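Below is one structure, written out as C-alpha cells; the observations come after it.
The values are calculated or read from the model by the stated rules, or taken from the named source; none is laboratory data. Bear in mind the structure is a predicted one, so any value in this text is a computation, not a measurement. Please note: Cβ atoms are built from the backbone with ideal geometry, for glycine as well, and neighbour counts cover all protein chains shown. These area figures cover heavy atoms from the full protein model, side chains too; ligands, DNA and RNA do not enter into them. Shrake-Rupley method; radii C 1.70, N 1.55, O 1.52, S 1.80 Å.
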Amino acid sequence: MYRSYVFKAWAEPESAPMLIEQGHRLMRTYAQALEIVDLNEARQYVYQNLDDLWYASRQMASIWIKGQNARKLMKRKARPEDGDPEVAEAMGYDAVLGGVVNASELSWEKFIEHGEKYRVFCRTIRGGDRPLLELTTPVWTDKSKERVRIRFLMHRPIPKDAMIHRFFIIMRPKRREGRVIGYAFYLSFMIKIEKADLRRPKRMGTLQPAWKVESDGSILVLGLDIEYMDGTTAHHEYHLPPGTIQKARKAQHLSITGQDNVEYRHYDRWRQDQYRKIATDVCKRTDALKMKTYKSGESIPGTVARHRPFVSVAKLIAAISERAAKEGVSMMR
C-alpha cells in the first residue's frame with residue numbers, strides 16, 4: 001500500500017527560479033507528448049526534449065504517458081502550459097520535478113543516514129516534534145552541475161520502517177487579485193507501508209450510498225447501519241453541507257462550457273476532503289464493512305437522479321476503502 005507524505009518546503013532563493021522554469025518545461029513537454037498517437041514515439045519525444053534533466057524526472061513524465069488505458073483516462077481540457085510559454089508564465093500553473101532516493105526502495109531510517117557521498121541525501125537542520133530537514137538532490141544529468149537543496153518541515157513523522165523510493169518537488173503559483181506573486185514549494189514522498197492487521201469483527205457496518213437533497217439544502221451521501229455483538233444496532237447519516245448543490249452546479253457549468261476548469265478542481269478537492277473525514281469516522285465506528293449496491297440509493301424517498309453526479313458515490317466509497325485498508329477494517333463484497 002502506498003501513501004503520499006506532503007510537506008511544506010522552501011528552495012534556496014538562487015535556485016528557485018531555475019526549479020520553476022524546469023518544472024514548467026517538463027509539464028509543457030508532457031502536454032505536447034500526449035498529442036502523439038504512437039506511445040513509443042511519445043516516450044522518445046520526452047527523452048529527447050528532456051535529455052539534460054536527471055533521469056528521474058524524465059522517467060516520471062514517461063510513466064504518465066505509458067499504457068493505452070492510462071491515455072484514455074487522461075482526456076483533459078487545454079491548459080496554459082500547452083501553448084505560449086510567456087502567456088502561461090503570466091497566468092501561472094503547477095510545476096513538478098521528480099527524484100529517487102535509491103536504485104531500489106529504501107527504508108526511511110536508512111535514507112536519513114545517507115551522507116554526502118550519495119547524490120541524494122537528507123540532513124536534519126532542527127530536531128523536535130516538528131523537525132526541519134534539508135534534502136539535497138540533482139536536477140541535471142551532468143554530475144558536474146551543482147545540486148539543489150530543499151528544506152521541508154515534517155509536520156507529521158514518517159514511520160522509520162516505511163519504504164521510500166520516489167519523491168516529487170511540487171511548485172504551485174500563489175495569486176493575489178488575479179496576479180501571480182510567487183510560487184509555493186512542497187516536497188512529496190511516495191511511501192510504501194505494509195497493510196494493517198485486520199481487526200476482530202465486533203461491529204459490522206452496512207453502507208448505504210445516497211445522493212438525496214435534504215430540506216435544509218444539505219445532501220445525504222451515506223447511511224451507516226451498525227450491528228453490535230450484543231444484538232443492538234445504531235444508525236448514522238453523513239451529509240455534504242448546505243450550499244453544496246449551488247457550488248457543484250456552478251463548478252460543473254464552468255467546466256463543461258470551457259470557461260473555467262479551476263473552479264471544478266477546487267470543488268472536487270473540497271468534496272474529497274469531506275469524504276476523507278467521513279471515511280475516518282466510519283472506520284472508527286466499525287470493524288468490518290459491507291455495502292449495498294449503488295442502485296439502491298435510487299430507492300431512498302426524495303432522491304433525484306440529476307443530483308448523483310454532484311455526489312460521486314464512487315469517490316466516497318474509494319475514500320472509505322482506502323481508510324479501511326490503513327485501519328485494518330475488513331471490506332466485504
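Going highest first, how would you order 109-119, 274-284 by mean Cβ packing within 10 Å?
Final packing ranking: 274-284, 109-119.
How much accessible surface does ASP273 have with a 1.4 Å probe, in Å² rounded to 10?
60
Where does each of ASP161, ASP268 land when they are ordered by accessible area, with a 1.4 Å probe and the largest first?
Result, largest first: ASP161, ASP268.
Angle, helix 55-64 long axis vs. longest principal axis of the chain, Cα atoms, 0 to 90°, nearest 10?
Long axis of 55-64 versus the principal axis of the chain: about 40 degrees.
Taking every Cα atom in the range 102-177, find the radius of gyration and the maximum pairwise distance Dmax, and write them in Å.
Radius of gyration, then largest Cα-Cα span, for the range 102-177: 14.2, 46 Å.
Any idea what angle helix 16-33 forms with the longest principal axis of the chain, computed on alpha-carbon atoms, 0 to 90 degrees, nearest 10?
Tilt of helix 16-33: around 70 degrees.
Using a 10 angstrom cutoff on alpha carbons, build the Gaussian network for the chain and name the most mobile of GLY243, GLY178, GLY23.
GLY178
Angle, helix 262-285 long axis vs. longest principal axis of the chain, Cα atoms, 0 to 90°, nearest 10?
On a 0 to 90 degree scale, this one is about 60.
Rounded to the nearest 20 debye, what is the charge dipole size of the chain about its Cα centre when +1 sits on each Lys and Arg Cβ and -1 on each Asp and Glu Cβ?
The dipole of the chain has a size of about 680 debye.
In whole percent, what relative contact order does the chain give with Cα contacts below 8 Å and a gap of six or more residues?
Result for the chain is 17 percent.
How large are Rg and Dmax for the range 163-266 when calculated on the C-alpha trace, in angstrom?
For the range 163-266, the Cα radius of gyration and maximum Cα-Cα distance read 21.4, 61 Å.
Rank LEU187, TYR275, SER255 by how far each Cα sits towards the positive end of the charge dipole of the chain (+1 on Lys, Arg Cβ; -1 on Asp, Glu Cβ) and give me just the farthest.
The Cα lying farthest towards the positive end belongs to TYR275.
Over 31 Å apart: what share of the alpha carbon pairs of the chain falls there, rounded to a whole percent?
47
Report the local net charge at LYS160: Lys and Arg +1, Asp and Glu -1, summed over other residues whose C-beta lies under 11 Å from its C-beta.
Residues close to LYS160 contribute a combined charge of -2.
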